[in-house]
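Report on one structure; see the data block that follows.
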Amino acid sequence: MQPSTWAERAQAAADSVNEGFGHRLAGFVPGTWIGSIARPARRIGWPWDPWHYWWQAHYLDCLVDASWRQLGTGPHNAMPETPQRTARDPSSEEPRELRLAWDLLRGIRGRNFLQYRNAFYDDMAWLALAAGRADQLTERIRHRGLRNARTAMRVLGGQLASADTADGGGGLYWNTKRIFKNTPATSPAALFFARTGERERAQALVDWLGATLFDPGQGLYLDGINLNNDGTTELMTDVWTYNQGPVLGALVALGGPANLARAEALIAAIDTHLTIGWETHDGARGRTLRGDGAGDGGLFMGILARYLTVAAVNPSLSTAARDTAKRLVLDTAEALWSGAEERPAPKDRRRGGTYWTFPQTPGHAASDEYPPGSRVELSTQLQAWMVLEFAHQLTGA
């Protein structure tokens, strides 16, 4: 039977990623999990092979999303500073996805040569955010936090703070070369600091983004600034979909009239500039979030959808802004599902069965973008999975 509800579709995507990409570290290390960057994967990976630290961070976020869904709880993209405790039913089992999340965090550290740090502050910010959500969910269920996640947050939070300097007026460096400050690092770091109680630092980062990288003509945030040796700066004017997401998340998390007004204006600008037209199967027309291809870009649309979902359920925003955010997420989910294709699993998979394959671009067919037999990238499938989770969160269906 074909999945008909958003919950069923999200679970189909989760199963396809977990079974099609997920495996133990090195194929055998117990208590670990990691995602291959493409399907089908090489049988044996080498330490120098690419593994994309930040893709794994978003895989961790997806596992947390699925766990909340299986527990029958509402949207939890946010991380409340004091999560509500609930009585645990001793007869209930933790979702498989939550156990995989614990294993994945161990797998990331193991694959990263037994450390959480890497050379890119944006990567570290994404893992810090995902670790925080995994810790919150674990505490909600077990009434105690996840030690590995808290260690990751402490280590990575310190790294992020070290990259927040007065050079260029503020903001975070992109990487340890410390010559470029940008939205991709500053915005998720601002959200992390807002969620973990460093609100003054978070507000200063958001204000720096607004003063330095906000383009009033488009209402969107630009990429970053190069810091030259002579003390001058060079503005990089690229606009990326995913950059707008954590800015929106940070504005909503910080709250207050000024931040919320900026959040509402940003939602309107996203609707105007970062969407594409799409025609539904029954002839109705709508607009979905713009896709950004494969590779790293295969995550961009999903990241933006995550924080539009946060906005859509926040009662502090206007009804119009929330409705716009919700519409964009649901239309994008519908368009992605319309292009999905169920395919037989490779014969060498022990469990057999089928995998769902999702397109990179809403409204396109998976069979066009990933013809049968071609390698399917993890990033694009994580993106589809998270958007389907958000559709469930917004509808309860």
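A compact table of results
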{"read-out": "Residue selected from the range 42-62 under the condition surrounded by 18 or more Cβ atoms within 10 Å (Cβ to Cβ) and among the aliphatic types (A, V, I, L, M), by the criterion farthest from residue 300 (Cα to Cα)", "value": "60"}
{"read-out": "Flag if residue 309 is β-branched (Val, Ile, Thr), assigned to a helix (DSSP H, G or I), in contact with a strand residue (DSSP E or B) (Cβ under 7 Å, 6 or more places away or on another chain) and closer than 20 Å to residue 65 by Cα", "value": "no"}
{"read-out": "Every residue from the range 273-298 that is within 14 Å of residue 362 (Cβ to Cβ) and not in a loop (DSSP other than H, G, I, E, B)", "value": "275, 276, 277, 278, 279, 285, 286, 287, 288, 289, 297, 298"}
{"read-out": "Criterion violated by residue 268 - all others in (1) of a type outside the set (Ser, Thr, Tyr); (2) part of a helix (DSSP H, G or I); (3) touching a Leu at 6+ places or on another chain (Cβ under 8 Å) satisfied", "value": "(3)"}
{"read-out": "Total residues in the range 26-52, condition modelled with pLDDT of 95 or more, under 25 Å from the mean Cα position of the chain (by Cα) and at negative phi", "value": "8"}
{"read-out": "Selection from the range 188-207 of residues that are surrounded by 20 or more Cβ atoms within 10 Å (Cβ to Cβ) and within 16 Å of residue 168 (Cα to Cα)", "value": "205, 206"}
{"read-out": "Lone unmet requirement of (1) surrounded by fewer than 24 Cβ atoms within 10 Å (Cβ to Cβ); (2) touching a strand residue (DSSP E or B) at 6+ places or on another chain (Cβ under 9 Å) for residue 395", "value": "(2)"}
{"read-out": "Hits in the range 318-334 - residues which are surrounded by fewer than 24 Cβ atoms within 10 Å (Cβ to Cβ) and in contact (Cβ under 8 Å) with a residue 60 or more places away in the chain", "value": "326, 330"}
{"read-out": "Matching residues in the range 335-348 - criterion: being surrounded by fewer than 19 Cβ atoms within 10 Å (Cβ to Cβ) and part of a helix (DSSP H, G or I)", "value": "338"}
{"read-out": "Criterion violated by residue 106 - all others in (1) in the same structural domain as residue 71 (by TED's automatic domain parsing); (2) closer than 16 Å to residue 61 by Cα; (3) buried (at least 24 other Cβ atoms within 10 Å of the Cβ) satisfied", "value": "(3)"}
{"read-out": "Filtered residue count, the range 102-124, keeping only those that are farther than 24 Å from residue 246 by Cβ and among the β-branched types (Val, Ile, Thr)", "value": "0"}
{"read-out": "Neighbours by Cβ (under 6 Å, 6+ apart or cross-chain): first from the range 234-250, farther than 18 Å from residue 196 by Cβ; second modelled with pLDDT under 95 and crowded, with 24+ Cβ neighbours inside 10 Å", "value": "none"}
{"read-out": "Meets criteria (outside any loop (DSSP other than H, G, I, E, B), closer than 20 Å to residue 261 by Cα and not assigned by TED's automatic domain parsing to the domain that holds residue 136) for residue 210", "value": "yes"}
{"read-out": "Qualifying residue in the range 217-229 (condition: out of contact with any helix residue (DSSP H, G or I) (no Cβ under 9 Å at 6 or more places or on another chain), surrounded by 17 or more Cβ atoms within 10 Å (Cβ to Cβ) and assigned to a strand (DSSP E or B))", "value": "no"}
{"read-out": "Qualifying residue in the range 230-244 (condition: surrounded by 21 or more Cβ atoms within 10 Å (Cβ to Cβ), under 20 Å from residue 130 (Cβ atoms) and out of contact with any strand residue (DSSP E or B) (no Cβ under 7 Å at 6 or more places or on another chain))", "value": "yes"}
{"read-out": "Residue in the range 379-391 that is closer than 18 Å to residue 5 by Cα and touching a strand residue (DSSP E or B) at 6+ places or on another chain (Cβ under 9 Å) present", "value": "yes"}
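Let's see how each residue does on (1) in the same structural domain as residue 372 (by TED's automatic domain parsing); (2) under 30 Å from residue 174 (Cα atoms):
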residue: 250; (1), (2): no, yes
residue: 273; (1), (2): yes, yes
residue: 276; (1), (2): yes, yes
residue: 289; (1), (2): yes, yes
residue: 315; (1), (2): yes, no
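The values are calculated or read from the model by the stated rules, or taken from the named source; none is laboratory data. Only a predicted model underlies this, so the values are computations on that prediction, with no experimental measurement involved. Counting neighbours? That spans all protein chains shown, and the Cβs are built from the backbone with ideal geometry, glycine included.
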